[in-house]
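Student: There's a structure below that I have some questions on.
The values are calculated or read from the model by the stated rules, or taken from the named source; none is laboratory data. As the structure is a prediction and not an experimental result, all values here were calculated from the model. A quick note on method: Cβ atoms are made from the backbone with ideal geometry, for glycine too, and the neighbour counts reach across all protein chains shown.
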């Protein structure tokens, strides 16, 4: 049974149709990417799931049925807007927010200390929250999301204000949570950030779902007839079965002639004694897929 079932939800604000008949399921123990540009309807959909907004139509089931107060303590929510108390010390703020989730104060202090160490925030624990950088506040917000060991984690723009080191740390943490069986929805417009994490995705544009399914299947669906090659020497200007050769800084893209397979091209390269370090089917990025889908939708209107 799906952890979250979203069925034909719609929501308007005045004349704005923010969410238009959106449906998707989130399975237990997966990272699900809810993707799309700013203003696409992602955050509104999340707020409907969390029962912050009521849908105009459609329904949501979470953890086996409608949202209730008991289930809210089983959910960790990282909003895009930070919700920390700015004028109190960081450690005190995190402990207090943990107790609101039903954790005894002694246990809350223990867990907070462990997270502060891991997130490299322990030396800043006595500083007021408003004295912390945006990146530090983002990490603190993530602690409040996970401190009560939720069954469901919903994170909206989790990598905002984070440098590459902390971005990788958060990715590693999300993988750990998935391995524990936690169900995760990652809501973001930074599509490149979730390509290495998401099991399945829903891509939303202008309130509508334009793509939905397993990430690997979607990328293969949109793959062109091309391969990526990285060789130890320059490739010949003319290769049998190749219509175009595009050189990038780190690799070369070979576009295949109609009817040719990657295996045939690999055979050609090996027969010419070319030393190959990398050879793979060229799969498009989510950004490239999104641009293709949106441009096609615009052209058919």
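Student: Could you run through region 223-256 and say how many residues are without any contact (Cβ under 8 Å) to a residue 40 or more places away in the chain and loosely packed, with under 15 Cβ neighbours inside 10 Å?
Tutor: Residues flagged as without any contact (Cβ under 8 Å) to a residue 40 or more places away in the chain and loosely packed, with under 15 Cβ neighbours inside 10 Å within region 223-256 amount to 12.
Student: Step by step: first the residues of region 171-196, then only those that are closer than 19 Å to residue 2 by Cβ and touching a strand residue (DSSP E or B) at 6+ places or on another chain (Cβ under 7 Å), then the one that is modelled with the lowest pLDDT. Which residue is that?
Tutor: 187
Student: Need a quick list: strands (runs of 3 or more DSSP E) entirely within region 1-113 having at least 2 residues that are in contact (Cβ under 8 Å) with a residue 12 or more places away in the chain and more than 19 Å from the chain's Cα centre (by Cα).
Tutor: Of the strands (runs of 3 or more DSSP E) lying wholly inside region 1-113, those with at least 2 residues that are in contact (Cβ under 8 Å) with a residue 12 or more places away in the chain and more than 19 Å from the chain's Cα centre (by Cα) span 4-13, 16-26, 57-62.
Student: Still on this structure, please answer the following. If residue 274 satisfies every condition in (1) in contact with a strand residue (DSSP E or B) (Cβ under 8 Å, 6 or more places away or on another chain); (2) closer than 26 Å to residue 193 by Cβ but one, which is the exception?
Tutor: The single condition residue 274 does not satisfy is (2).
Student: If we only count strands (runs of 3 or more DSSP E) wholly inside region 200-301, which ones have 3 or more residues that are under 19 Å from the mean Cα position of the chain (by Cα) and under 30 Å from residue 8 (Cβ atoms)?
Tutor: Counting at least 3 such residues, we get 200-205, 208-214.
Student: Which of (1) in the same structural domain as residue 78 (by TED's automatic domain parsing); (2) touching a strand residue (DSSP E or B) at 6+ places or on another chain (Cβ under 6 Å) is the odd one out, the single condition residue 242 does not satisfy?
Tutor: (1)
Student: Also: So which residues in region 150-168 are outside any helix (DSSP H, G or I), over 15 Å from the mean Cα position of the chain (by Cα) and surrounded by 14 or more Cβ atoms within 10 Å (Cβ to Cβ)?
Tutor: 150, 151, 161
Student: Going by the conditions given, is residue 170 within 29 Å of residue 278 (Cβ to Cβ) and touching a residue at least 60 places away in the same chain (Cβ under 8 Å)?
Tutor: no
Student: Hey, does region 169-184 have a residue that's in the same structural domain as residue 27 (by TED's automatic domain parsing), in a strand (DSSP E or B) and within 25 Å of residue 51 (Cα to Cα)?
Tutor: Checking region 169-184: at least one residue is in the same structural domain as residue 27 (by TED's automatic domain parsing), in a strand (DSSP E or B) and within 25 Å of residue 51 (Cα to Cα).
Student: Moving to a separate point now. Yes or no: residue 96 out of contact with any strand residue (DSSP E or B) (no Cβ under 9 Å at 6 or more places or on another chain), surrounded by fewer than 19 Cβ atoms within 10 Å (Cβ to Cβ) and at pLDDT 95 or above?
Tutor: Here the answer is yes, as residue 96 does meet what is asked.
Student: For residue 139, are the conditions met, namely being touching a helix residue (DSSP H, G or I) at 6+ places or on another chain (Cβ under 9 Å), crowded, with 19+ Cβ neighbours inside 10 Å and in contact (Cβ under 8 Å) with a residue 24 or more places away in the chain?
Tutor: Yes.
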